[in-house]
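Chemist: Starting off with a structure, shown below.
The values are calculated or read from the model by the stated rules, or taken from the named source; none is laboratory data. Note that this is a predicted model, so its numbers are computed, not measured. Cβ placement follows ideal geometry from the backbone for every residue including glycine, while neighbour counts extend to all protein chains displayed.
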Protein chains: 2
Amino acid sequence: VSVDPAPQDEPPIRAVPVRTRRARGEAGARRLVYDAASLLAVAVGEFNTRGYDATSMEDLSRAAGITKSSFYHHVSGKEDLLRAALQRALDGLFAILEERHAVAGRPVDRLRYIVRRQVEVLQSELPYVTLLLRVRGNTDTERWALDRRRAFDAAVGELVRDAVAAGEMRADVDPAVAARLLSGTVNSVAEWYRPGRPDGAALPEDVVRSVFEGLVPRT
Amino acid sequence: VSVDPAPQDEPPIRAVPVRTRRARGEAGARRLVYDAASLLAVAVGEFNTRGYDATSMEDLSRAAGITKSSFYHHVSGKEDLLRAALQRALDGLFAILEERHAVAGRPVDRLRYIVRRQVEVLQSELPYVTLLLRVRGNTDTERWALDRRRAFDAAVGELVRDAVAAGEMRADVDPAVAARLLSGTVNSVAEWYRPGRPDGAALPEDVVRSVFEGLVPRT
């Protein structure tokens with residue numbers, strides 16, 4: 001699997017000392033702590049709920065419970081937050097391709113491993129991956145993320161071609177179509193999976209089994 | 001397969017006589033003809049490109065090449081257009097469930113038939129199905145469409161359970177998960193399929209084969 005290294009960008013959110021703020025009307029009773037990571041989590045939640053385009057800095061600061069001006073102390077604009085969130089999802093996915101079982105072995109076994117790990121990353125980084133999957137390419141940041149997604153899919157597509165060439169995957173389905181269906185199936189999990197579902201632990205293996213062995217039992 | 005009948009709503013777009021308008025600056029040379037169906041097609045294109053929330057009546061009338069006031073002669077607002085577009089996608093999908101091979105035969109064969117036909121409807125009604133799949137539930141119309149999608153998925157889910165109970169589908173994947181993966185795989189086609197692709201004709205069968213037989217050859 002050959003993949004371009006992720007660009008070494010400036011981190012889009014400045015590392016800031018943890019800031020505290022007294023909750024309104026409860027003098028000193030409760031402190032709301034916001035650091036870059038929790039601001040990011042709040043922003044991703046808003047983006048996923050309202051859609052990125054429809055989310056204003058006002059919406060974000062309201063959701064975080066801080067003033068717009070303190071929000072601007074942390075980030076220069078909402079695109080910073082979008083980029084940080086997408087970077088997190090992409091880092092999680094690209095790291096899989098470097099893992100031992102993704103780089104060595106029969107192509108089909110490497111694919112099985114990658115699919116299982118993709119589902120695991122989707123489960124653990126659900127809001128970030130969800131945001132990534134909804135990106136449409138309206139801004140430079142979104143176009144960058146789409147390019148990175150395409151690079152990931154191209155790496156998987158290459159493995160599918162290798163597996164088909166080696167007779168490890170069926171040749172009567174166009175390898176390009178097979179690769180798209182494979183990633184489409186994995187990504188569709190983000191549409192309905194929610195943390196804490198009882199079937200969560202079995203899910204990665206269920207997806208692998210369904211995709212590679214099919215839904216009809218082998219006799 | 002038991003399905004609630006689609007609600008018999010008023011058609012959201014009034015049937016209007018075809019209206020003509022002279023293109024600006026080309027006195028009488030060319031007539032742009034707009035009827036309800038072509039307005040709908042234009043609107044769906046804008047919704048899919050910009051996102052429904054971000055599309056204004058101004059955007060729609062500009063895309064249609066008519067004034068905002070003539071646009072309002074046809075429809076009372078953009079939600080009318082959204083509803084008509086979603087209804088068209090849903091009608092296409094629900095009609096499948098009434099077809100002969102969807103109602104008679106072994107559950108697994110009925111499922112194979114439904115999956116193949118779903119892909120065909122997705123191909124022929126791509127913009128409408130794409131819009132349906134992106135609906136998030138921000139308005140009454142979107143919530144109605146989500147409910148209808150859920151009813152469709154529930155009908156398919158019931159068939160999956162029947163097929164598993166009959167030993168026609170694998171029991172080592174949770175039937176609820178299998179049903180979601182099945183519909184996720186089919187729906188993912190809307191993300192990349194474009195009319196005119198050379199693999200278009202083979203696609204419905206490729207999807208059926210991948211989903212039911214799996215990507216690894218059976219020996």
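Chemist: Please go through segment A:183-198 and pick out each residue that is more than 7 Å from chain B (Cβ to nearest Cβ), over 17 Å from B:Pro175 (Cα atoms) and either in contact with a Pro (Cβ under 9 Å, 6 or more places away or on another chain) or part of a helix (DSSP H, G or I) (or both).
Modeler: Residues satisfying the conditions are A:Ser183, A:Ala190.
Chemist: Of the residues that sit in segment A:204-219 and are more than 7 Å from every other protein chain (Cβ to nearest Cβ) and modelled with pLDDT of 95 or more, which one is nearest to B:Asp206 (Cα to Cα)? Walk me through it before giving the result.
Modeler: First pass over segment A:204-219, keeping only residues more than 7 Å from every other protein chain (Cβ to nearest Cβ): A:204-205, A:208, A:219.
Now restrict to residues that are modelled with pLDDT of 95 or more: A:204-205, A:208.
Values: A:Pro204: 23, A:Glu205: 23, A:Val208: 18 Å.
Here the residue is A:Val208.
Chemist: Within 23 Å of A:Asn138 (Cα to Cα), surrounded by 15 or more Cβ atoms within 10 Å (Cβ to Cβ) and of a type in the set (A, V, I, L, M): is that true of B:Leu131 in this structure? Please lay out each step first, then the result.
Modeler: Numbers: within 23 Å of A:Asn138 (Cα to Cα): yes; surrounded by 15 or more Cβ atoms within 10 Å (Cβ to Cβ): yes; of a type in the set (A, V, I, L, M): yes.
Here the answer is yes, as B:Leu131 does meet what is asked.
Chemist: Are any of the residues in segment B:151-160 in a loop (DSSP other than H, G, I, E, B) and either away from chain A (no Cβ under 12 Å) or touching a helix residue (DSSP H, G or I) at 6+ places or on another chain (Cβ under 8 Å) (or both)?
Modeler: Of the residues in segment B:151-160, the ones in a loop (DSSP other than H, G, I, E, B) are none.
Among the residues of segment B:151-160, not one is in a loop (DSSP other than H, G, I, E, B) and either away from chain A (no Cβ under 12 Å) or touching a helix residue (DSSP H, G or I) at 6+ places or on another chain (Cβ under 8 Å) (or both), which makes the answer no.
Chemist: For the structure I just gave you, tell me whether A:Arg116 is modelled with pLDDT of 95 or more and over 18 Å from the mean Cα position of the chain (by Cα).
Modeler: On the way: modelled with pLDDT of 95 or more: yes; over 18 Å from the mean Cα position of the chain (by Cα): no.
Against the criterion (modelled with pLDDT of 95 or more and over 18 Å from the mean Cα position of the chain (by Cα)), A:Arg116 does not qualify.
Chemist: Could you please tell me which pairs satisfy a Cβ distance under 6 Å, a separation of 6+ or placement on different chains, a first residue in segment B:149-176 that is closer than 18 Å to A:Val207 by Cα, and a second residue that is assigned to a helix (DSSP H, G or I) and basic (Lys, Arg)?
Modeler: B:Val173/A:Arg209; B:Pro175/B:Arg161
Chemist: Inside segment B:165-182, can you point out the residues that are at pLDDT 95 or above and more than 9 Å from chain A (Cβ to nearest Cβ)?
Modeler: B:Ala165, B:Ala166, B:Ala179
Chemist: Follow-up question, since we're still on this one. Could you list, in sequence order, all residues of segment B:182-219 that are free of Cβ contacts under 8 Å to residues at least 24 places away in the same chain and out of contact with any Gly (no Cβ under 9 Å at 6 or more places or on another chain)?
Modeler: B:Gly196, B:Arg197, B:Pro198, B:Asp199, B:Ala201, B:Ala202, B:Asp206, B:Thr219
Chemist: A:Phe71 versus (1) under 23 Å from the mean Cα position of the chain (by Cα); (2) buried (at least 20 other Cβ atoms within 10 Å of the Cβ); (3) farther than 26 Å from B:Tyr52 by Cα: which is the lone unmet condition?
Modeler: (1)
Chemist: Answer yes or no as to whether A:Ala201 is surrounded by 15 or more Cβ atoms within 10 Å (Cβ to Cβ) and either more than 24 Å from B:Ala176 (Cβ to Cβ) or more than 9 Å from chain B (Cβ to nearest Cβ) (or both). It would help to see each step written out before you state the result.
Modeler: Values: surrounded by 15 or more Cβ atoms within 10 Å (Cβ to Cβ): no; either more than 24 Å from B:Ala176 (Cβ to Cβ) or more than 9 Å from chain B (Cβ to nearest Cβ) (or both): yes.
No.
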